[in-house]
Amino acid sequence: MSVLRLIFNIAWFVMGGFLMGLAWWLAGLICFISIIGIPFGRACFVIGEMAFWPFGNEQTNRRNVKGFEDIGTGVLGTIGNVIWFLCFGIWLAIGHLTHALACFITIIGIPFGIAHLKLALLTLAPIGQTVVAKQG
């Protein structure tokens, strides 16, 4: 199963994952320029890694991983997600949706299109989320 994930990840990386991963990291760099954007930048880099290699990884709420709420999973995280969406999320979502539509044109690209849709949903509210390895 891990060989299949590796093949899918390499194909993903070559056929658009590299561009979207760079887009996430560019957004992260822009966030790091302003001191108050550092939490957003950190989220961008974590999710950017998933954008480079999505197969075998999944996003989950940090509350589920840690077992308790932190600043990103509470009210401030919700406010941060609204700010995020207005500044960066909409553009990353458009990028992922565009790539998904291009992938859905071919039958072989359907798994890649689904991965782009999952990442597009993640662009809506990344604060309070983290990336973990899939079980099994």
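Just so it is clear, none of the values below were taken in a lab; they were calculated from the coordinates. Just so it is clear, the model here is predicted, and its values are computed rather than measured. Heads up, the Cβs are rebuilt from the backbone with ideal geometry, glycines too, and the neighbour counts pull from every protein chain shown.
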**Study point:** Nearest-ten-degree value, helix 2-12 long axis tilted from longest Cα axis of the chain
**Key:** 80 degrees
**Study point:** Listed residue (A43, H99, N9) projecting farthest to the positive dipole end of the chain, Cβ model
**Key:** N9
Practice item. Would you work out if the range 2-133 is rounded, prolate or oblate? Take a ≥ b ≥ c from the square roots of the eigenvalues of the alpha-carbon gyration tensor; rounded if a/c is under 1.5, else prolate when a/b is larger than b/c, oblate otherwise. Key: prolate
Exercise for review: Using only the alpha carbon atoms of the range 37-86, find the Kirkwood hydrodynamic radius as the inverse mean reciprocal pair distance, in angstroms to one decimal.
Suggested key: 12.0 Å
Exercise for review: Return the inverse of the average 1/r over all pairs of distinct C-alpha atoms in the range 1-43, which is the Kirkwood hydrodynamic radius, in Å to one decimal.
Suggested key: 11.7 Å
Review point. Counting each DSSP H run of 4 or more residues in the chain as -39500 (n - 2.57), what helix-only mean residue ellipticity at 222 nm follows after dividing by all residues, to the nearest 500 deg cm²/dmol?
Key: -20000 deg cm²/dmol
**Study point:** Length-normalised contact order of the chain in % [C-alpha pairs under 8 Å, at least 6 apart]
**Key:** 29 percent
